[in-house]
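The structure under discussion appears below in the form of structure tokens.
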Amino acid sequence: MNKGEILNASVYTLGWLLFVFAQAQNSVKSKTNGLETLAGWFRVHGVNLATRAFFSGLGYGFIIHTVAGKVADVGLAITSTAIAGIGGYSANALLYQFFGYFPWLRVEVADIAPPPTPPTSPPAVQ
């Protein structure tokens with residue numbers, strides 16, 4: 001691999017990870033799913049993330065080489081490194097939405113770690 005290919009692969013991976021960490025942070029900060037730590041989020045989403053990583057990796061060559069060639073053919077001056085970053089982020093986002101259609105890959109966090117129920121107040125004395 002030359003330096004350009006290593007840079008593209010690194011930026012693609014960074015874009016992919018950026019989507020994962022943004023998704024994890026938003027999920028952990030949500031008050032409705034009962035998750036309190038990033039480790040818990042990664043434990044619950046492990047299979048889904050591995051599947052998305054696998055298919056994003058398969059799409060890497062297509063995204064970098066085919067898309068870069070098509071963009072250059074139209075005359076846009078976007079580097080393959082920029083395409084790699086956007087491609088990594090977008091591939092993950094696309095697969096996240098796509099895999100939501102498959103029940104065995106969908107994670108319903110509220111079912112796994114339901115939010116704590118608020119304490120009930122005693123009945124009012126009349």
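The values are calculated or read from the model by the stated rules, or taken from the named source; none is laboratory data. A quick note: this is a predicted structure, and the numbers were derived from the prediction, not measured. In this analysis, Cβ positions are derived from the backbone assuming ideal geometry, glycine residues included, and neighbour counts consider all displayed protein chains. Ligands, DNA and RNA are stripped out before the accessible areas are found, and what is left, the full protein with its side chains, is counted by its heavy atoms. Shrake-Rupley method; radii C 1.70, N 1.55, O 1.52, S 1.80 Å.
Mind checking the per residue accessible area of the stretch 43-107 for me, 1.4 Å probe, whole number of Å²?
Accessible surface, normalised per residue, equals 61 Å².
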By accessible area (1.4 Å), largest first, His45, His65 order as His65, His45
Answer in debye to the nearest 20: the dipole magnitude of the stretch 1-113 about its Cα centre, from +1 Lys/Arg and -1 Asp/Glu charges placed on Cβ, is 100
Counting only protein heavy atoms and leaving out ligands, DNA and RNA, the solvent-accessible surface of Lys29 at a 1.4 Å probe, in Å² to the nearest 10, equals 140
